[in-house]
Amino acid sequence: MKLHHLRNATLVIETETDVILVDPMLGKRKTIPPFTLFRYKPKRNPLVALPKNSRDILSKVTICLITHLHPDHIDKAGEVFLRRKSIPVICSSKDENALSKRGLNILQSLNYWEAKEFLDGKITGIPAVHGYGFIAKLMGNVMGFHIELPNEKSVYISSDTIFTEHVQKVLIEFKPDIAVVACGTARLDFGQPLLMRINDILKFTALAPGKVFANHLEALNHCPTTRSELRLAFSQNNLLDKVAIPSDGTSVTY
């Protein structure tokens, strides 16, 4: 199994038989307004272009998972790509109507903790809480996914979430071989962070039974945590050997 990191939370899981796209934000630089105006510099998003090899990687995609509706996870360009190629989509049942109205081909939708057949294996919808405190309510519903495919490593895409008892349950009981965690510590102009703080990222990584894949970094104006800061924190806590912090356009083979 190979995980291709494109940008932010957009990744592609390549198996022997399938190529799974996750959260396609495929637009050009500066196509989305800033997410903060005061706390961090009001730069338009995404801050960086898609890597040059993304077209080749995307050309192989056979199916798509969408964790939630925020524009840094599914943007206009991502929708166009999915519609044009009629790529089947799997999403939360709470997002099914909205995505259908955008003309996407919803193959199936999931409820939290519901397991369904998926590419000869199974996929389970996992609750995600997008922020500490009251901000999570404003952020709306988010779903993580736990994927088990025959003859492949299991993958937990935790999505935009803080560390919760749901996350802990997946790491301990499902024992994913690979756990993807959003590490940008995003914040709006008000409220607490929308993603795990560093101490929770470290807790997640220590608890993960297998390897950790860190993403949601250095692509949006409201995500201050850098790859180098993250690498240092992992190193200081003797966790670096468990973690991949891929640059845009690179892949990790598991």
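The values are calculated or read from the model by the stated rules, or taken from the named source; none is laboratory data. Keep in mind that this is a model prediction, so the values were computed, not measured. No Cβ is skipped: glycine too gets one built from the backbone with ideal geometry, and neighbour counts run over all protein chains shown. Accessible surface areas use protein heavy atoms only, side chains included; no ligands, DNA or RNA. Shrake-Rupley method; radii C 1.70, N 1.55, O 1.52, S 1.80 Å.
Things to note:
- Volume of the Cα convex hull of the stretch 205-254, divided per residue and given in Å³: 80 Å³
- Kirkwood-type radius of the stretch 75-172, with distances r between different C-alpha atoms, in Å: 14.6 Å
- For the chain, built as a Gaussian network whose Cα springs stay under 10 Å, the top-fluctuating residue of GLY144, GLY103, GLY131: GLY103
- Each label point was placed 7 Å from the Cα along the Cα-to-Cβ direction; for LYS43 and LEU107 their separation is 3.6 nm.
- Applying a threshold of 22 Å to the alpha-carbon distances of LYS116/LYS175; LYS43/LYS76; LYS2/LYS203 flags LYS2/LYS203 as lying beyond it.
- For the stretch 87-230, the share of DSSP beta bridges that are antiparallel, to the nearest 5, is 50%.
- Cross-link partners of LYS60 among aspartates and glutamates, defined as those whose alpha carbon lies under 17 angstrom from its own and excluding same-chain residues fewer than eight positions apart: GLU14, GLU16, ASP18, ASP23, GLU79.
- For LYS122, a cut-off of 13 angstrom between C-alpha atoms picks up these aspartates and glutamates, skipping any fewer than 8 places away in its own chain: GLU114, GLU148, GLU152.
- Within-15-Å neighbourhood charge of THR164 [Cβ basis; K, R +1; D, E -1]: 0
- Over the stretch 97-227, volume per residue of the alpha carbon convex hull, in Å³: 128 Å³
- Here the chain is treated with +1 on each Lys and Arg Cβ and -1 on each Asp and Glu Cβ, and its dipole about the Cα centre works out to around 1000 debye.
- For the chain, the solvent-accessible area works out to 43 Å² per residue, with a probe of 1.4 Å and every protein chain left in place.
- Within the stretch 1-62, chymotrypsin sites (Phe, Trp or Tyr not before Pro) in DSSP loop having at most 11 other beta-carbon neighbours inside 10 Å: PHE38
- Estimated [θ] at 222 nm from DSSP helical runs (n ≥ 4, -39500 (n - 2.57)) normalised by residues in the chain, nearest 500: -5000 deg cm²/dmol
- A quarter of the convex hull surface defined by the alpha-carbon atoms of the chain gives 12.1 nm² as the mean projection.
- Top of HIS70, HIS216, HIS130 by mean-square fluctuation, Gaussian network on the chain, Cα under 10 Å: HIS70
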